[in-house]
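Single-structure report; data block below.
The values are calculated or read from the model by the stated rules, or taken from the named source; none is laboratory data. For clarity, every value in this text was computed on a predicted model and none was experimentally measured. Methodologically, a virtual Cβ is constructed for each residue, glycine included, from the backbone with ideal geometry; neighbour enumeration extends over all protein chains shown. Just the protein is used for accessible areas: all its heavy atoms, side chains included, with ligands, DNA and RNA removed. Shrake-Rupley method; radii C 1.70, N 1.55, O 1.52, S 1.80 Å.
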Amino acid sequence: MTDQSASPATTGNALTAQRLLKRNTRFLYHDMGWQGLITGGISTFLAIFLVRLGASALLVSLLTSLPALITLALSIPLVPLIERHQNLVRVVTWTRVGSRFCFLLIALVPLVLTGARLHAAPVLIALIWGLSAVFSAATTPAFTAVLAAVVPPRLRPMVNGQRWALFSLVTALSSAAFGRLLDVIPFPWNFQGIFLLSFLAGLVSIFFFDRIRIPPENHTPPPPRATNPLRAIAALARESAGQPAFTAYLLTTFVYRLGLSLPVALFPLYWVDHLHASNTWIGFNTTACYGMLVVAYVAWGRVANRYGYRTVLLWSSFGSSFYPLLTSLVPSPIWMIPVAMVYGTFAAGIDISFFEGLLEASPPEQRASFAAVNASFANLAVLVGPLAGTAVADWLGIRAGFIAAGGLCLAGTALFYVLASGGGRREPQLARAE
């Protein structure tokens, strides 16, 4: 008896889809690898540059809070424009071009503000960094929709785990090398060179990402959307409020992100002013964190595939809570390394479970919209957290800021458990990943 369950056309389409999946996945890996150079460069050392220029704690916190404020203001109003665009890959490409050119502008600042005028550089750099967020506000929701469209749900934990493992490996190696370069090249040209390399790496990552193609069957038409920004915000608020799983996700992740954001401006100040760490030690600190992430992303990705991402969420959020608590006990630069390794072990699980939780709680045809709402809440936490952290540090001391951050993260973990965020039960809680 002949098996006619699969026609040649069906088989050919399946093979074509498989080849497209492999091709897209390969470009996602290339894109993520080059982004590792950006994180090992400008993302790691920009705040250190400002501290070495004599910037205040408030100004250092603005490196995080100002982009968060801009993203918070723009994410949702930009959604109608993003959803109407037929090529979301190209949206990501061009918005990334804008943000990457901000890296170049930052690298050129010491050429413009020379001599005595260099003291004004921190303010200008913070403003340029905020400008990059104008472009990133559109990049984030568009990228989330692209990734959801090109990688099937059953493969996402594995692919994301491998992407982030590659990213972490490149970041770990580059941050150590960059840290050493910063200590052997005269200031401020050392930081300029690192920021310029980050700009070039950003252009290469854009080249690879732009070659991704979304399968035709995954082009989901967006729902009708008001073009007026205020009406768009109101419509999104109604839609997201009507999704109890998404509401639970927003509440729980907001509390935890607030705890993670609280000490962001305190870390570089503590390393430079209290521990007197060199750029080399700070580079090694990033290397230790991302070196652990290389293994942890793969491990947590497998745990998520086997047990669901709720298990990953609970264990990783609990473990990450101890990073700021342990940092407050660090007496010298060498102890930064094991503490960073603790964070790297658990941070990978946070990335995987938060991303899967967002996709699970969002309707497929509105992922760009719900990703924008999520980005707004995430950036609200990033806006408030560093400012609150510096206020606590000014009032009670820098170590008290770390302790407050750890306590808030533990409270967030408790909310994940109580509200069943991350899967395990059906609405109004998040459903377990298939």
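State whether the residues of segment 323-337 include one that is in a loop (DSSP other than H, G, I, E, B), of a type in the set (S, T, N, Q) and in contact (Cβ under 8 Å) with a residue 60 or more places away in the chain. Among the residues of segment 323-337, at least one is in a loop (DSSP other than H, G, I, E, B), of a type in the set (S, T, N, Q) and in contact (Cβ under 8 Å) with a residue 60 or more places away in the chain, which makes the answer yes. Set side by side, the residues Thr413, Thr390 differ, and just one is in contact (Cβ under 8 Å) with a residue 24 or more places away in the chain, more than 21 Å from the chain's Cα centre (by Cα), buried (at least 21 other Cβ atoms within 10 Å of the Cβ) and in a helix (DSSP H, G or I), which is Thr390. The set of residues in segment 276-295 that are buried (at least 18 other Cβ atoms within 10 Å of the Cβ) and either outside any helix (DSSP H, G or I) or of a type in the set (Asp, Glu) (or both) contains only Ala277. Residues that are open to solvent by 20 Å² or more (accessible area, probe 1.4 Å), of a type in the set (D, E, K, R) and under 19 Å from the mean Cα position of the chain (by Cα) within segment 331-387 comprise Asp351, Glu360, Arg367, listed in sequence order.
Here Phe209 fulfils each of the conditions (1) under 27 Å from Ala149 (Cα atoms); (2) open to solvent by 50 Å² or more (accessible area, probe 1.4 Å); (3) hydrophobic (A, V, I, L, M, F, W, C); (4) in contact with a helix residue (DSSP H, G or I) (Cβ under 8 Å, 6 or more places away or on another chain) apart from (2). Report yes if Tyr323 is buried (at least 23 other Cβ atoms within 10 Å of the Cβ), modelled with pLDDT under 85 and of a type in the set (Ser, Thr, Tyr), otherwise no. In short, no.
Which members of segment 155-174 meet the condition of being over 17 Å from the mean Cα position of the chain (by Cα) and within 17 Å of Thr287 (Cβ to Cβ)?
Leu173, Ser174, listed by residue number.
Of the numbered criteria (1) farther than 25 Å from Ile76 by Cβ; (2) surrounded by 20 or more Cβ atoms within 10 Å (Cβ to Cβ), the one Leu169 fails is (2). Screening Leu250 on (1) open to solvent by less than 20 Å² (accessible area, probe 1.4 Å); (2) among the aliphatic types (A, V, I, L, M); (3) closer than 16 Å to Val60 by Cα shows it passes everything except condition (3).
Of all residues in segment 296-322, those that are touching a Cys at 6+ places or on another chain (Cβ under 9 Å) and part of a helix (DSSP H, G or I) total 4.
Residue-wise test of (1) open to solvent by 40 Å² or more (accessible area, probe 1.4 Å); (2) touching a residue at least 12 places away in the same chain (Cβ under 8 Å); (3) in contact with a Phe, Trp or Tyr (Cβ under 8 Å, 6 or more places away or on another chain).
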position	(1), (2), (3)
Ala121	no, yes, no
Leu127	yes, yes, no
Leu131	yes, yes, no
Pro141	no, yes, no
Gln162	yes, yes, yes
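All of Ser61, Ser75, Ser65, Ser136 fail the test of being in contact with a Ser or Thr (Cβ under 7 Å, 6 or more places away or on another chain), surrounded by 19 or more Cβ atoms within 10 Å (Cβ to Cβ), farther than 23 Å from Ile214 by Cα and of a type in the set (Gly, Ala, Ser), apart from Ser61.
Does Ala304 satisfy being over 28 Å from Leu387 (Cα atoms) and buried (at least 21 other Cβ atoms within 10 Å of the Cβ)? For Ala304, the condition - over 28 Å from Leu387 (Cα atoms) and buried (at least 21 other Cβ atoms within 10 Å of the Cβ) - is met.
Residues in segment 393-410 that are farther than 17 Å from Arg257 by Cβ and either part of a helix (DSSP H, G or I) or open to solvent by less than 20 Å² (accessible area, probe 1.4 Å) (or both): Ala393, Asp394, Trp395, Leu396, Ile398, Arg399, Ala400, Ile403.
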